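K.L.:
Dropping the structure in here first, questions after.
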Amino acid sequence: MLDKEKNIKIIIACHKKCKTPFDSVYLPVQVGAANSMATGYQRDDEGENISSKNPMYCELTGLYWAWKNLSCDYLGLVHYRRYFSAKSMAYRKGRHPFDCVLSEKQLRSLLDSYKLIVPSKRKYYVETLASHYAHTLDESHLTAARQVLSDLAPSYLRAFDRVLRQKYGYMFNMFISSKTIADEYCSWLFPILEELEKVIDSKNMSKFEKRWPGRVSEILFNVWLEYSIQTGRLRRSDVKEISCIYIGKIDYPKKVASFINAKLFHKKYEKSF
């Protein structure tokens, strides 16, 4: 099991006061703190930060703060309503969700064998990542992302094209890894998003549409991971998929209806589900 002296911090992206796990590895971080009232949690507008960009960057303002300011050996990101869980669905049935959130003990055991923990693949079956994005948001964002990659990191283009053809992906911007790996990823991701802001005009977008950096970054995470495996920086056996547990209720009928409307009738998403 991973040495107890190794310091693990999994930030929980929160925008309001809420119940969080008791394990000391979890650190609630108030994302978008620069734009909102204090919650008593660690703020993401302290030190070097991009807190004011939270309406666009979503949970990534918390990740940026942790990257720049948090001293730890391992770093992860989860959401106040979505966590990693090592428990099976059968075990979860009838239990309180927080009883099933990944514990420090379980996590240390996993990190002894794996370098990167990611959510179980989200499978779209009848959609590629590219077509799903095009049906629900604006495909020009991905065209712009490819151009920025061509300018800043052209060696990633092959991985980018391959990922867009996939019918699955690791979503939610959730992961757990060594701080070294997290630093490498953040050093690659945030300059790309910063450059994208210069070429994608967000002025006339709705509040939901302006969250495109948070959505594009989900795809870019898969691109970074695919490239890391292609080049041998990571092996597929270094990556462990863990199921997620959602705190609260999901409106599945509305979620499915929105997916169908986007696929068949080209009705863009207007909110998250």
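The values are calculated or read from the model by the stated rules, or taken from the named source; none is laboratory data. Because the structure is predicted, anything quoted here is derived from the model rather than measured. We place every Cβ from the backbone using ideal geometry, glycine too, and count neighbours over all the protein chains shown.
Rundown of residues vs (1) over 21 Å from the mean Cα position of the chain (by Cα); (2) more than 20 Å from residue 99 (Cα to Cα); (3) at pLDDT 95 or above; (4) among the aromatic types (Phe, Trp, Tyr), yes/no style:
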site: 10; (1), (2), (3), (4): no, no, yes, no
site: 29; (1), (2), (3), (4): no, yes, yes, no
site: 32; (1), (2), (3), (4): no, yes, yes, no
site: 40; (1), (2), (3), (4): yes, yes, yes, no
site: 44; (1), (2), (3), (4): no, yes, yes, no
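K.L.:
Right, next: Take the range 219-230 and flag every residue that is surrounded by fewer than 18 Cβ atoms within 10 Å (Cβ to Cβ) and either in contact with a Gly (Cβ under 7 Å, 6 or more places away or on another chain) or touching a residue at least 12 places away in the same chain (Cβ under 8 Å) (or both). If you could, list the steps in order and put the result at the bottom.
P.N.:
Start the filter on the range 219-230 by keeping residues that are surrounded by fewer than 18 Cβ atoms within 10 Å (Cβ to Cβ), which leaves 229-230.
Correct list: 230 only.
K.L.:
While we're looking at this one, here's another question. For the range 1-118, list the helices (runs of 4 or more DSSP H) that sit wholly inside it and hold at least 3 residues that are within 27 Å of residue 197 (Cβ to Cβ); which are they? Steps first, please.
P.N.:
Details: elements: 54-57, 60-69, 89-92, 104-111.
Per the criteria, 54-57, 60-69.
K.L.:
Right, something else. State whether the residues of the range 78-87 include one that is closer than 22 Å to residue 190 by Cα, free of Cβ contacts under 8 Å to residues at least 24 places away in the same chain and not β-branched (Val, Ile, Thr).
P.N.:
First pass over the range 78-87, keeping only residues closer than 22 Å to residue 190 by Cα: 78-79.
Filter once more, keeping what is free of Cβ contacts under 8 Å to residues at least 24 places away in the same chain: none.
For the range 78-87, residues closer than 22 Å to residue 190 by Cα, free of Cβ contacts under 8 Å to residues at least 24 places away in the same chain and not β-branched (Val, Ile, Thr): absent.
K.L.:
Please specify each residue of the range 174-202 satisfying the condition of being within 19 Å of residue 148 (Cβ to Cβ) and more than 16 Å from the chain's Cα centre (by Cα). Before the answer, list the steps.
P.N.:
Initial filter on the range 174-202 (within 19 Å of residue 148 (Cβ to Cβ)): 184-202.
Matches in the range 174-202: 191, 194, 195, 196, 197, 198, 199, 200, 201, 202.
K.L.:
Could you grab me the full set of residues in the range 166-178 that are buried (at least 17 other Cβ atoms within 10 Å of the Cβ) and hydroxyl-bearing (Ser, Thr, Tyr)?
P.N.:
170, 177, 178 - these are the residues of the range 166-178 that are buried (at least 17 other Cβ atoms within 10 Å of the Cβ) and hydroxyl-bearing (Ser, Thr, Tyr).
K.L.:
Within the range 88-101, restricting attention to residues that are of a type outside the set (Phe, Trp, Tyr) and over 17 Å from residue 248 (Cα atoms), which residue is surrounded by the fewest Cβ atoms within 10 Å (Cβ to Cβ)? Can you show your working first?
P.N.:
Filtering the range 88-101 down to residues of a type outside the set (Phe, Trp, Tyr) leaves 88-90, 92-97, 99-101.
Then keep just the ones that are over 17 Å from residue 248 (Cα atoms); that gives 88, 90.
Working: 88: 10, 90: 7.
Top of the filtered list is 90.
K.L.:
Name the pairs whose Cβ atoms lie under 8 Å apart, with the first residue in the range 97-110 and in contact (Cβ under 8 Å) with a residue 40 or more places away in the chain and among the acidic types (Asp, Glu), the second in a loop (DSSP other than H, G, I, E, B) and surrounded by fewer than 17 Cβ atoms within 10 Å (Cβ to Cβ), and 6 or more positions between them or separate chains?
P.N.:
From residues that are in contact (Cβ under 8 Å) with a residue 40 or more places away in the chain and among the acidic types (Asp, Glu), the pairs are 104/23; 104/24.
For (1) among the aromatic types (Phe, Trp, Tyr); (2) out of contact with any helix residue (DSSP H, G or I) (no Cβ under 9 Å at 6 or more places or on another chain); (3) at pLDDT below 95, each residue gets a yes or a no:
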{"residue": "70", "(1), (2), (3)": "no, no, no"}
{"residue": "75", "(1), (2), (3)": "no, no, no"}
{"residue": "79", "(1), (2), (3)": "no, yes, no"}
{"residue": "109", "(1), (2), (3)": "no, yes, no"}
{"residue": "114", "(1), (2), (3)": "yes, no, no"}
{"residue": "118", "(1), (2), (3)": "no, no, no"}
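K.L.:
Moving on to the next point. Give the residue, chosen from 241, 209, that is in contact with a strand residue (DSSP E or B) (Cβ under 8 Å, 6 or more places away or on another chain), surrounded by fewer than 18 Cβ atoms within 10 Å (Cβ to Cβ) and either within 30 Å of residue 113 (Cα to Cα) or modelled with pLDDT of 95 or more (or both).
P.N.:
Values: 209 fails: in contact with a strand residue (DSSP E or B) (Cβ under 8 Å, 6 or more places away or on another chain).
None of the others qualify; the one that does is 241.
Let's see how each residue does on (1) assigned to a loop (DSSP other than H, G, I, E, B); (2) surrounded by 17 or more Cβ atoms within 10 Å (Cβ to Cβ); (3) free of Cβ contacts under 8 Å to residues at least 40 places away in the same chain:
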| residue | (1), (2), (3) |
| --- | --- |
| 127 | yes, yes, no |
| 133 | no, yes, no |
| 141 | no, yes, no |
| 150 | no, no, yes |
| 156 | no, yes, no |
| 159 | no, yes, no |
| 164 | no, yes, no |
| 180 | no, no, yes |
| 186 | no, yes, no |
